[in-house]
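The values are calculated or read from the model by the stated rules, or taken from the named source; none is laboratory data. Computed from a predicted structure; not experimentally measured. For neighbour counting, all protein chains shown are included, and Cβ atoms are generated from backbone atoms with ideal geometry for every residue, glycine included. Just so you know, the surface numbers come from the protein's heavy atoms only, side chains and all, with ligands and any DNA or RNA stripped out. Shrake-Rupley method; radii C 1.70, N 1.55, O 1.52, S 1.80 Å.
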Amino acid sequence: MKVTVEELSPSRRALLVELPLDQVAATMETTLREWRRRLQLPGFRKGKVPPEIIQRRFQSDLKEEVLRELIPESYRQALAQTDLTPVGQPRVEDVHFHDGEPLRYRAVVEVKPPVEVRDYRGVPLERKPVQVSDEEVDRALEHLREDAAEYVPMEGWPAMRDDLVILDHEGTLHEKPFKGGSGKNQTLILGHGGYLPGFEEQISGMQKGDTKQFRLVFPEEYPRKDLAGRTAQFTVKMKEVKKRRVPELNDEFARTVGDVESLAALRDKLRQRLTERKGQEQDAELKRMLLEKLAAAHEVELPETLVEAEAASFLQDLVATVRATGGRVRGLPESAEELRAKALEMARRRVKETLLLEAVAHQEGLAVSEAEIDAEIEAMAAAYRQEPGSIRRALEDPARRAGMTARMLERKALDFLFQQAKITEGYNLITPA
């Protein structure tokens, strides 16, 4: 088999493949023999149709079957012979298949282009001082208080907004219960919605042990058509009223939530955490700026196959986010065309950055060790609350393992670039109040 590689562009190659006549003839003979074995035509017994009749009547079908066998296998051999690694499926064209001649065809593939990164050490970046204001510490303390809040049962106290109530309710239409209208030990926080409009207003002011009957009209746009616009009778028994109690900000609170001896020490601890978090966020932003500078300084021909795959992945993640948030995603383009254009723009940026980071890793001889892979597996298991063994079993799939290793190598290359960057300290002309 003869194989010639033609460079069409930095990211495109054409494989010119020629299979010898004897291999083509042998495959045609095998295919013809198999057709004859199973073919039955009028006037002939099964397996007795003369080969020349099969060739004459089914010539195009025979050739198509021979091509389906020869081209995929020869393409795989051609890749091995040329050491090419395509990033997508080939486009097969210019197929030359005639009696008494070798089989020739052209397979156009996309590959990762050769990339050489220049001047990647000492990229200039500016870091602003990290400052945490007293107001930010106060907000963090309030979040801790909110998290530590508890609901305390109250006797003889009317249910009001933000109270947690436990109740039984029964709903009827024309004195007959309807599906979903009744419930036992239902928990509800007043003023936060989630029930039929007007329901919370009716039970506000009830105390533990109270029973109340009232009517409510289902909205015309209610999702259940069998209830929309109809009037229901409800009977509610209040079983518990709990008031939300937020702990006081004092040393006892600090010892409980912060493992420190005083409120002042807790404030210092929170300030340190906020400083570290802001520093991490700043590092992430500086790395983003570093990549943008690197990308702006290099021209790279991007394989469209990789761009399309990255855009499809972005849109798939977006669909999952929209479903998880009930459609509440800010900043999305209004039309499908604009959304796809945005996805392609982000995909091109991401693919270019990936190719640059891969090149840096290659030029610096960076690699991911087995110890680093083990540490990554442990971190993933902790993050997703899974057993490390289940993740290791999933990574027995070579494609998954290669994908994870590639992402780790990108991260390692970016960390290397960040360590080598020339970072100067900037100044905030306006300090937080």
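Annotation: of all residues in region 16-49 being at pLDDT 85 or above and not aliphatic (A, V, I, L, M), the one that is nearest to the chain's Cα centre (by Cα) is GLU18.
Within region 2-16, identify whether any single residue is open to solvent by less than 40 Å² (accessible area, probe 1.4 Å) and free of Cβ contacts under 8 Å to residues at least 60 places away in the same chain, and answer yes or no.
Residues of region 2-16 open to solvent by less than 40 Å² (accessible area, probe 1.4 Å): 3, 9, 11, 13-15.
From what is left, the residues that are free of Cβ contacts under 8 Å to residues at least 60 places away in the same chain are none.
No - not one qualifying residue is present in region 2-16.
Every condition in (1) of a type outside the set (D, E, K, R); (2) in contact with a helix residue (DSSP H, G or I) (Cβ under 9 Å, 6 or more places away or on another chain); (3) open to solvent by 40 Å² or more (accessible area, probe 1.4 Å); (4) at pLDDT 95 or above is met by GLY365 except one, and the failing one is (2).
Residues checked against (1) in contact with a Leu (Cβ under 9 Å, 6 or more places away or on another chain); (2) free of Cβ contacts under 8 Å to residues at least 60 places away in the same chain; (3) of a type outside the set (Ser, Thr, Tyr):
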site: ALA367; (1), (2), (3): yes, yes, yes
site: ALA375; (1), (2), (3): no, yes, yes
site: ARG385; (1), (2), (3): no, yes, yes
site: PRO398; (1), (2), (3): no, yes, yes
site: ARG401; (1), (2), (3): yes, yes, yes
site: ALA413; (1), (2), (3): yes, yes, yes
site: GLN420; (1), (2), (3): no, no, yes
site: ILE423; (1), (2), (3): yes, no, yes
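On the given criteria, is VAL87 surrounded by 15 or more Cβ atoms within 10 Å (Cβ to Cβ), at pLDDT below 95 and either under 30 Å from GLU310 (Cα atoms) or under 35 Å from the mean Cα position of the chain (by Cα) (or both)? When the stated conditions are applied, VAL87 passes them.
Conditions tested, residue by residue: (1) surrounded by fewer than 13 Cβ atoms within 10 Å (Cβ to Cβ); (2) closer than 16 Å to LYS237 by Cβ.
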{"position": "LEU144", "(1), (2)": "no, no"}
{"position": "ALA159", "(1), (2)": "no, yes"}
{"position": "THR172", "(1), (2)": "no, yes"}
{"position": "ASN185", "(1), (2)": "yes, yes"}
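Among the residues of region 190-240, which ones are more than 28 Å from MET154 (Cα to Cα) and basic (Lys, Arg)? ARG224, LYS225, ARG230 - these are the residues of region 190-240 that are more than 28 Å from MET154 (Cα to Cα) and basic (Lys, Arg). Among the residues making up region 231-251, those that are assigned to a strand (DSSP E or B) and of a type in the set (A, V, I, L, M) are ALA232, VAL236, MET238, VAL241. In region 220-245, the residues that are closer than 12 Å to LEU167 by Cβ and open to solvent by 80 Å² or more (accessible area, probe 1.4 Å) reach residues that are at pLDDT 90 or above and among the β-branched types (Val, Ile, Thr) with C-beta atoms within less than 9 angstrom, at least six apart or across chains, in these pairs: LYS237/THR211.
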